[in-house]
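**Q** Quick one: the structure is below, questions incoming.
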Amino acid sequence: MTQAEIKLCSLLLQEHFGEIVEKIGVHLIRTGSQPLRVIAHDTGTSLDQVKKALCVLIQHNLVIYQVHKRGVVEYEAQCSQVLRMLRYPRYIYTTKTLYSDTGELIVEELLLNGKLTMSAVVKKVADRLTETMEDGKTMDYAEVSNTFVRLADTHFVQRCPLVATTESSDPGLPPPAPTLVINEKDMFLVPKLSLIGKGKRRRSSDEDAAGEPKAKRPKHTADGKEPIPDDGIYWQANLDRFHQHFRDQAIVSAVANRMDQTSSEIVRTMLRMSEVTTPSCAPFTQPLSSSEIFRSLPVGYNISKQVLDQYLTLLADDPLEFVGKSGDSGGGMYVIEIPKTPDHAPSRTFYLYTVNILSAARMLLHRCYKSITNLIERRQFETKENKRLLEKSQRVEAIIASMQATGAEEAQLQEIEEMITAPERQQLETLKHNVNKLDASEIQVDETIFLLESYIESTMKRQ
């Protein structure tokens, strides 16, 4: 764990969860596995605050725990999971492109909350979508449920491990920490729920509560009587599946650049056919016959079976081996001597140089971590420097929204808007432009990080 990675983890934890969680998380990253009381003592944090911080970190899969033989529970931070928070915007945008706004909000809710039941996700997303609709229109729970099922079928969301049932039947003392287990067959199995209802608008519910106090009563009664249909079955975003999708997109793009669009479409079809049947970490897809590929090509893609076979042959014969048997690769940043004679005399010896691409990739990855750290710190500095102006702008916007809701006249609204002067508006525009540019840079650097990490991981597996 390099200092650049630790610094980046610190910034991400502080930005997402606050100072206390950041303090506990970074301490575990630096020290490794530690029990609860040692964490509290070393960080100078109260036991209650440490417990709450660990609960947040465990909820978001950033810390794991392990019970040792003497019954001591130790907690360990997952630095790789913390760094994945950089990629949250990309996960959300990918889901939006594949499953529209409904899928986007489902994954966003899971990332924001760490773990949620399907029923809770459906209700939250339906409410949020209803808020954006025209008056009189609502989002049906069934429509959100269907999108959730599609995400589970394509493995973008998965079940969380459950508490082992054997522990509850043990008549002795309860274990110091629960053991979580998951059956791989049930990992993407969606419970059969009959969620009937529509999304609610926050605005209308507040108005009802203010005008008619009895409107609150049916809500509490329903909550008290109706048990949660999928209680205990929690779901989380499957980040490895997203990484598999990113990798597949990179492969398709590489094939299109090297060969042509038809070749890339054939490769895309092969990857799509095996995206669920092949583990995300597998070096090869499942074997696919030419006939299966031909039948799975997109509708309207007019190429004959003979032309497809020719393309597959070209792909298999290509030195980069996008299709076919994967070859071994190697290299090293070292000098290879090939002497003409046994005496290794310089005048009779060839010196061949090669680049250790693995070491170069690690060096670039380290620099990318430092770059993103600098970008985040610059964004935070820009925001802090203009904190008072941002707060003033938010107050003015809130006042205007409140006055618009009460039917204020245009002259009154204009008077409130003039509370922010022309130079201040220009400063706000400049700030917005700079922050957007920094955000875009973070995403671009993270794309490079993903490619470098993927290369390093695949290369290490082959060695």
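**Q** Are there trypsin sites (Lys or Arg not before Pro) in region 43-116 that DSSP puts in a loop and that have at most 11 other Cβ atoms within 10 Å, and which ones?
**A** LYS69, ARG70
**Q** Just the ratio, please: alpha-carbon radius of gyration of region 1-147 over 2.2 N^0.38 Å, N its number of residues. All intermediate terms of the calculation are to be shown ahead of the outcome.
**A** Working: Rg = 18.6 Å, N = 147, 2.2 N^0.38 = 14.7 Å.
The value comes to 1.27.
**Q** Further question: For region 357-459, treating each Cα as an identical point scatterer without solvent, what Debye log10 I(q)/I(0) comes out at q = 0.10, 0.15, 0.20 1/Å?
**A** Here log10 of I(q) over I(0) equals -0.49, -0.73, -0.98.
**Q** Just how many % of Cα pairs in region 240-336 lie over 19 Å apart, if you round to the nearest whole percent? Show your work: numbers first, answer last.
**A** Values: 2073 of 4656 pairs.
Result: 45 percent of Cα pairs exceed 19 Å.
**Q** Order the following by accessible area, largest value first: PHE350, PHE450. Probe radius 1.4 Å; ligands, DNA and RNA are ignored. Let's see the in-between values first.
**A** Details: PHE350 115, PHE450 10 Å².
The ranking, largest first, comes out as PHE350, PHE450.
**Q** Can you tally the net charge around ALA152? Count Lys and Arg as +1, Asp and Glu as -1, for every other residue whose Cβ sits under 12 Å from the Cβ of ALA152. If you can, show how the numbers build up before the last one.
**A** Working: positive: ARG150, ARG159, ARG241; negative: ASP153, ASP186.
Result for the local shell: +1.
**Q** Net charge near ARG84, counting Lys/Arg +1 and Asp/Glu -1 over other residues with Cβ under 11 Å of its Cβ?
**A** Values: positive: ARG87, ARG90; negative: ASP240, ASP446, GLU453.
That sum, taken over residues with Cβ under 11 Å, equals -1.
**Q** A follow-up question, please. Taking the C-alpha atoms of region 3-78, how large are the radius of gyration and the largest Cα-Cα span, Dmax, in Å?
**A** Cα only, region 3-78: 11.6, 37 Å (Rg, Dmax).
**Q** Per residue of the chain, what 222 nm ellipticity follows from adding -39500 (n - 2.57) for every DSSP H run with n ≥ 4, rounded to the nearest 500?
**A** It comes out at -20000 deg cm²/dmol, rounded to the nearest 500.
**Q** Next question. As a test of understanding, state the convex hull volume per residue of the chain from its alpha carbons, in Å³.
**A** So the per-residue hull volume is 280 Å³.
**Q** Where does each of VAL50, VAL38 land when they are ordered by accessible area, with a 1.4 Å probe and the largest first?
**A** Numbers: VAL50 0, VAL38 55 Å².
From most accessible down to least: VAL38, VAL50.
**Q** Among LYS7/LYS392; LYS96/LYS123; LYS370/LYS437; LYS384/LYS437; LYS52/LYS370, which pairs are too far apart, with a Cα-Cα distance over 21 Å? Walk me through the numbers on the way to the answer.
**A** On the way: LYS7/LYS392 32 Å; LYS96/LYS123 18 Å; LYS370/LYS437 18 Å; LYS384/LYS437 17 Å; LYS52/LYS370 30 Å.
Going by Cα-Cα distance, LYS7/LYS392; LYS52/LYS370 fall outside the 21 Å limit.
The values are calculated or read from the model by the stated rules, or taken from the named source; none is laboratory data. Keep in mind that what you see is a predicted model, and the values were worked out from it rather than measured. Note: ideal-geometry Cβ built from the backbone for every residue, glycine included; neighbour counts use all protein chains shown. All accessible areas refer to the heavy atoms of the entire protein, side chains included, with ligands and DNA or RNA removed. Shrake-Rupley method; radii C 1.70, N 1.55, O 1.52, S 1.80 Å.
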